[in-house]
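Below: the structure, in structure tokens.
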Amino acid sequence: MYKIFLVEDDDAIAASILSHLEDWGWESRRAGNLTRVMEEFSAFMPHLVLLDIGLPYRNGYHWCSEIRRLSQVPILFLSSASDKMNIVMAMNMGGDDFIAKPFDLEVLTAKIQALLRRTYEFGASAPLLEHRGAVLDTGDNTLTYDGRKLELTRNEYRILQVLLEQKGRTVSRETLMRKLWETDSFVDENTLTVNMARLRRKLESGGLEDFIRTKKGLGYLIE
């Protein structure tokens, strides 16, 4: 099920959009605190964002820029200001499409479907994995935290990906070595130990202390 994140300050418009999205079978969530949009975005990890331009505190352009620092998730701008300047600004800031208010919900649906189809069905964008505000982009093998990107080696990235995919569960050393073997990187016990130590140092240097826990005799865990 695709997840759609709505950033909209008008309660009536938001309620109408959310109800319509649910009718189409999409999991939807509205930003509850418009001063903490990025925290809610990172916690929800949506496949698409509907973003109003005229917001209190910070406008939609600001939040689009912040999202683009972490993700290439498709962003569809919503705005009552449909002049050429706003449309051009929205696209230049990293938006993927624009729809002017008031709009027909069926037109909104068509735009959402087109963006989801182009982005995910054709494999143009990879999913994101998130924990404690750190976002792993499986498209470019990078981890972003607190606005900074940590470059990972192929083995470091694969270890982190497996642990995040199994978040909350202990992953054995044997499972990790098998997963790394699938990427054509031969990994023995010592190689895994070295890669894990380097990954932990890299995470700690980026401000992510105790991100990976060791379960003695069992394996590793992100919780």
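The values are calculated or read from the model by the stated rules, or taken from the named source; none is laboratory data. Note that this is a predicted model, so its numbers are computed, not measured. Here the Cβ positions follow ideal geometry from the backbone for every residue, glycine too, while neighbour counts run over all protein chains shown.
For segment 203-220, the candidate set comprises residues that are under 21 Å from the mean Cα position of the chain (by Cα) and either among the β-branched types (V, I, T) or not in a loop (DSSP other than H, G, I, E, B) (or both); within that set, the residue that is surrounded by the most Cβ atoms within 10 Å (Cβ to Cβ) is L203. When you scan segment 147-163, do you find a residue that is assigned to a strand (DSSP E or B), surrounded by 14 or more Cβ atoms within 10 Å (Cβ to Cβ) and either modelled with pLDDT of 90 or more or not assigned by TED's automatic domain parsing to the domain that holds S16 (or both), even just one? Looking for residues that are assigned to a strand (DSSP E or B), surrounded by 14 or more Cβ atoms within 10 Å (Cβ to Cβ) and either modelled with pLDDT of 90 or more or not assigned by TED's automatic domain parsing to the domain that holds S16 (or both), one finds at least one in segment 147-163, hence yes.
Yes or no, residue by residue, for (1) surrounded by fewer than 18 Cβ atoms within 10 Å (Cβ to Cβ); (2) in the same structural domain as T144 (by TED's automatic domain parsing); (3) closer than 15 Å to L78 by Cα:
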| residue | (1), (2), (3) |
| --- | --- |
| V7 | no, no, yes |
| A14 | no, no, yes |
| G25 | yes, no, no |
| S28 | no, no, no |
| G32 | yes, no, no |
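Filter segment 34-92 for residues that are among the polar types (S, T, N, Q) and under 23 Å from A134 (Cβ atoms); which is surrounded by the fewest Cβ atoms within 10 Å (Cβ to Cβ)? Full working, then the answer.
Let us first name the residues in segment 34-92 that are among the polar types (S, T, N, Q), namely 35, 42, 59, 65, 71-72, 79-80, 82, 86, 92.
When the remaining residues are screened for being under 23 Å from A134 (Cβ atoms), the result is 35, 42, 65, 71-72.
Values: T35: 10, S42: 20, S65: 12, S71: 22, Q72: 17.
Of everything passing the filter in segment 34-92, T35 is surrounded by the fewest Cβ atoms within 10 Å (Cβ to Cβ).
S82 fulfils the conditions (1) at pLDDT 80 or above; (2) within 24 Å of S16 (Cα to Cα) except for a single criterion, (1).
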